[in-house]
Amino acid sequence: MSQSLKKVTLITGASSGIGLELSHIFAKNGHDLILIARSSDKLYQLADELRNNYSIQVASFANDLSKMSEVQYVVDAIKSEGAFIEYLVNNAGVGDYGKFEDQDWDKIEQQINLNMKTLTYLCHAFLPVMKTKNTGHILNVASTAAFRPGPLMAVYFATKSYVLSLSEALSNELKDTNVYVTAYCPGATATNFAMNAQATNSSFI
Ligand SMILES: NC(=O)c1ccc[n+]([C@@H]2O[C@H](COP(=O)([O-])OP(=O)(O)OC[C@H]3O[C@@H](n4cnc5c(N)ncnc54)[C@H](OP(=O)(O)O)[C@@H]3O)[C@@H](O)[C@H]2O)c1
């Protein structure tokens, strides 16, 4: 990030699916963007495309947001540039299909870290300045999975219930301010999600 950014929107999981679409929508509306995902090639290509098409500034971080050290690195880098994150889109999320006891612990931990811990950390990192400036919006991507338990995707569904619960509670805490927290709860959407979650034959998502 070299040049100073204006009305900045941070989008996690920008390299594909819902995050990619949201990146185009925010860009079209003139927001400067900070995009995060692991796939550096896709991310840098997207950043170039959005800069060229919409005359906005775009910074990107190719980092693994399931690793707290990398999350902290990104947050510190953004804060050290003095960028004001006016819109925070916590979109990055993963699932894993299968019986709980048969699932790989690393994949369970990745879901917990990315879907809940990192989302919470980013809200906690950027909400105070939004509140001080009395303007801002956090969009947390939950799912229709937030509204019920999900056998064979038990951890994923539980993480999305957490996202919905946290978002509603924060929204209530902020009700007398101009800072808003929204939980976005899409149903099944044609992205890479089901394939990555080994859930293409599942009727749950
Ligand atoms: N598709 C659906 O049916 C559906 C329904 C309801 C809710 N959702 C939610 O929508 C959100 C977006 O999913 P999607 O459907 O758009 O899936 P997707 O196409 O697989 O996109 C997921 C995005 O998250 C990024 N990501 C994954 N792991 C990451 C990590 N460890 N660190 C940083 N970025 C990571 C991916 O980029 P890299 O691989 O490059 O890191 C990608 O940009 C998720 O929270 C998901 O739970 C999806």
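What follows draws every value from the coordinates through simple rules; no lab data is involved. This is a predicted model, so every value here is computed, not measured. Glycine also receives a Cβ, built like all others from the backbone with ideal geometry; neighbour counts cover every protein chain displayed.
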statement: Taking the range 128-154 and keeping residues away from the ligand (no atom under 11 Å from the Cβ), farther than 25 Å from VAL75 by Cβ and either of a type outside the set (A, V, I, L, M, F, W, C) or assigned to a helix (DSSP H, G or I) (or both) leaves PHE147, ARG148, PRO149, GLY150, PRO151, ALA154
query: Here are some conditions: (1) within 16 Å of ALA92 (Cα to Cα); (2) among the aromatic types (Phe, Trp, Tyr); (3) more than 14 Å from the ligand (Cβ to nearest atom). PHE61 meets all but one. Which one does it not meet?
result: (3)
- request: Pick out, from the range 1-102, the helices (runs of 4 or more DSSP H) lying fully within it that include 1 or more residues that are surrounded by 15 or more Cβ atoms within 10 Å (Cβ to Cβ) and acidic (Asp, Glu).
  value: 68-80
query: in contact with a Phe, Trp or Tyr (Cβ under 8 Å, 6 or more places away or on another chain), in contact (Cβ under 8 Å) with a residue 12 or more places away in the chain, surrounded by 15 or more Cβ atoms within 10 Å (Cβ to Cβ) and under 22 Å from SER23 (Cα atoms) - does that describe any residue in the range 116-129?
result: yes
message: Go through (1) within 9 Å of the ligand (Cβ to nearest atom); (2) free of Cβ contacts under 8 Å to residues at least 40 places away in the same chain; (3) in contact with a strand residue (DSSP E or B) (Cβ under 6 Å, 6 or more places away or on another chain) for GLY13 and report which single condition fails.
response: (2)
